[in-house]
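For reference, the structure discussed in these notes is given below.
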Amino acid sequence: MTSVSPATPPLERRKPRENDWRLFLRLVPYARRHGRLLSISMLLLVPLAISGALQPILIGQAISLIRKESSAYEFLRNLPLAQGLGILEGLLLITVVIRLVFSGIQGYLVQKVGQQITADIRDDLFERVTSLAVRFFDRTPVGKLITRLTSDVEALGDVFTTGAIGIVSDIFSMLVIIVFMFREQWQLALMLVLMLLPITALIVYFQQQYRKANYKAREELSALNSTLQENIVGINVVQLFRRERFNSQLFRTTNERYMKEVDATIFHDSAVSATLEWIALVAIAAVLWLGGIFILRQQLDIGRLSTFILFAQRLFDPLRQFAEKFTAIQAGFTAVERVSDILDEPIEIRDPEKGKRAIASMISMGEIRFENVWFAYKDDDYIIKDLSFTIKPGEKIALVGPTGAGKSSIIRLLCRLYEPSRGRILVDGVDVRDLPQSELRRRMGVILQEGFLFAGDVKSNITLGDTYSMDEIRSAAQKTNVDKFIEQLPQTYDTQLRERGTNLSSGQKQLLAFARAAIRNPPILVLDEATASLDVGTEALIQDALDKLLIGRTAIVIAHRLSTIRNVDRIFVLKRGQLIESGTHEELLQQEGLYASLHNLQMFGS
């Protein structure tokens with residue numbers, strides 16, 4: 001099985017732009033989860049649209065009734081003027097109440113659905129991101145991911161709340177108004193409908209231009225967040241090397257590029273709003289002009305002309321509202337496009353199908369075998385080259401070699417954080433690709449050079465979400481000699497740790513990493529420079545705990561200090577991804593090869 005990484009970072013790849021309809025369809029499955037609320041909100045559009053279209057007619061009828069024009073309904077003309085006006089006022093009040101009540105309910109339901117869809121997409125995005133291979137994160141800036149999981153997802157919710165439902169509401173209202181207009185006077189109605197054609201073309205043009213500018217603005221915002229995140233994480237280096245002014249200039253340059261793209265979006269948004277305002281005024285003027293001609297010819301009365309002036313205003317109101325929604329809708333479609341990049345990102349490392357899964361209980365002894373393994377982080381730049389070796393159950397192996405020899409890459413391949421480009425890796429005779437990842441990693445205890453801690457208490461950083469009793473937690477701490485350090489904390493095991501454990505020293509964080517591995521009692525233990533950050537006293541405690549922890553377990557130890565690995569069963573010496581020497585400490589010294597050179601250099605330095 002060969003896996004080759006793409007040359008271009010995943011979130012930077014440019015795929016063909018999808019049109020708005022295709023992007024909208026990508027959200028439909030999420031909307032179906034809340035179909036009941038959506039259906040109710042759509043049904044409420046009917047009384048809202050009809051009551052809105054009736055209001056101009058009722059006002060026009062009142063004017064016709066006062067002027068005693070023939071366009072007034074006959075049953076109203078047969079009533080006293082006060083009684084007729086009272087009926088019209090009552091009907092108008094009913095339409096106003098309907099619009100007030102129903103629009104409030106409909107707005108609440110739409111916003112609720114939008115927030116639920118946003119939450120669903122955010123959950124799916126987080127699950128997708130945590131399922132992607134480590135290779136993806138090697139090439140993707142953290143700031144860009146954060147932008148897509150936060151501001152992009154928030155903007156995406158507006159596609160339904162402000163966009164889809166709002167557009168359906170506006171279109172439905174316009175259709176109802178058009179029907180009522182043609183019923184009243186077809187010539188004026190036809191003129192207003194024809195005026196919609198050029199404005200629609202203008203909206204489509206500005207929409208396309210806004211969309212391009214908005215996409216660029218989002219990309220620049222991602223770059224801005226990446227720069228910010230990088231400087232916050234590396235604040236120690238920034239201040240120690242006096243990079244504040246230089247980094248501020250870099251941030252300022254990125255910020256200026258972002259503002260330039262935002263200015264372009266503001267221009268196109270303003271252009272749409274201004275155009276619609278102008279068209280609405282022209283429409284009213286056109287109604288007055290043509291209506292005035294009909295009045296002079298006695299083909300129209302004042303009451304019906306008043307109705308059409310209100311119709312012209314109501315007809316273009318949805319378009320004017322669309323201008324207000326324009327920014328949110330297009331930002332939402334841009335967000336859908338950018339979020340889809342992550343949802344479409346292929347999951348490189350997958351669990352095998354159920355029918356092809358090996359029996360997880362087979363991993364009990366801890367034999368590890370690499371068979372002709374090749375691996376490259378990028379294209380054909382191989383870090384591991386045709387590597388083959390076997391580690392027997394219960395054997396203690398040390399990996400030694402200069403920087404870049406491939407030691408850490410071997411660990412990542414064994415844990416299946418990466419897939420080998422060629423060859424295969426077997427644990428107890430089973431290809432790691434035939435085992436569920438959770439089962440494989442549950443049986444491996446990995447302690448890295450720098451222990452990572454989550455915000456939370458001490459005990460949750462040991463259990464990491466698994467179910468262990470308090471006695472088991474204390475037992476693991478005692479086995480690794482970290483119980484004394486924990487007991488000295490203010491609330492012992494309930495002490496709250498800040499993000500990345502910044503209220504603990506590096507050595508204390510590493511101690512918790514040992515307890516984290518010990519509580520799981522794994523048959524395979526991997527130590528990647530695990531004692532590098534410990535002081536002499538703490539290292540002695542850990543070494544004593546390790547001697548107990550390694551009994552009966554297969555162990556792989558990466559260490560630059562050769563004095564710490566003299567007691568392992570075998571030492572593998574790596575150079576440029578190849579195994580060039582293998583043997584015990586004494587055997588390798590007698591060979592006078594690379595290991596002997598490294599040992600002599602360290603002895604000379606000490």
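Where a number appears in this text, it was derived from the coordinates with a stated rule and is not lab data. Just so you know, these numbers come straight off a predicted model, no measurement behind them. Using ideal geometry, Cβ is built from the backbone for each residue, glycine included, and neighbour counts are taken over all protein chains shown.
Before moving on, here are some points about what is shown:
- Sorted by Cβ density within 10 Å, fewest first, the residues 424, 135: 424, 135
- Computed over the range 235-315: relative contact order in percent, which uses C-alpha pairs under 8 Å that are six or more apart: 22
- Between the alpha-carbon centres of the range 90-140 and the range 337-352 there is a gap of 23 Å.
- Antiparallel DSSP beta bridges within the chain, percent to nearest 5: 55
- Signed unit charges on C-beta, dipole axis of the chain, positive-most listed residue 340, 229, 370: 340
- With a Förster radius of 41 Å applied to the C-beta separation of residue 22 and residue 277, the computed FRET efficiency comes to 0.85.
- Placing +1 on the Cβ of every Lys and Arg and -1 on the Cβ of every Asp and Glu, with no other charges, gives the chain a dipole of roughly 880 debye about its Cα centre.
- Between the labelled values [x] 15, 35, 25, 15, 8, 2, 0; [y] 17, 42, 31, 9, 0; [z] 22, 53, 22, 3, 0, the entry that holds P(r) over Cα pairs in 20 Å bins from 0, in percent as derived from this structure is [x].
- Over the range 18-343, relative contact order from alpha-carbon pairs under 8 Å, at least 6 apart, %: 31
- Going from the fewest other Cβ atoms within 10 Å to the most, the residues 108, 73, 493 appear in the order 108, 73, 493.
- With eigenvalues of the C-alpha gyration tensor scaled by 5 and rooted, the range 155-287, Å: 49, 16, 9
- Extension gain, residue 115 back to residue 167 (0.36 nm per residue minus Cα-Cα distance, nm): 16.9 nm
- Estimated from the Cβ-Cβ distance and a Förster radius of 41 angstrom, the FRET efficiency linking residue 40 and residue 343 is about 0.90.
- Here the label points at residue 183 and residue 232, each 7 Å from Cα along the C-beta direction, are separated by 5.8 nm in the simple model.
- Legend: calculated FRET efficiency, residue 377 to residue 208, from the Cβ-Cβ distance at R0 = 30 Å, rounded to 0.05, equals 0.15.
- Residues 351, 428, 381, 544, arranged from fewest to most other Cβ atoms within 10 angstrom of their Cβ, appear as 381, 544, 351, 428.
- Simple rule: put +1 on each Lys or Arg Cβ and -1 on each Asp or Glu Cβ in the chain, find the dipole, and look at 108, 246, 601; the Cα lying farthest toward the positive end is 108.
- In the chain, a dipole from Cβ-located charges (positive for Lys and Arg, negative for Asp and Glu) runs towards its positive end, and of 453, 477, 513 it is 453 whose Cα lies farthest in that direction.
- Axial C-alpha extent at least 30 Å, average Kyte-Doolittle at least -1.0 - helices from the chain (DSSP): 45-67, 81-131, 186-233, 244-296, 302-343
- Simple Cβ-charge dipole of the range 18-343, Lys/Arg +1 and Asp/Glu -1, about Cα centre, in debye nearest 20: 200
- Residue-span extension gain [residue 128 to residue 431] - 0.36 nm each, minus C-alpha spacing: 106.6 nm
- As a length-normalised measure over Cα pairs under 8 Å and 6 or more apart, the relative contact order of the chain settles at 15 percent.
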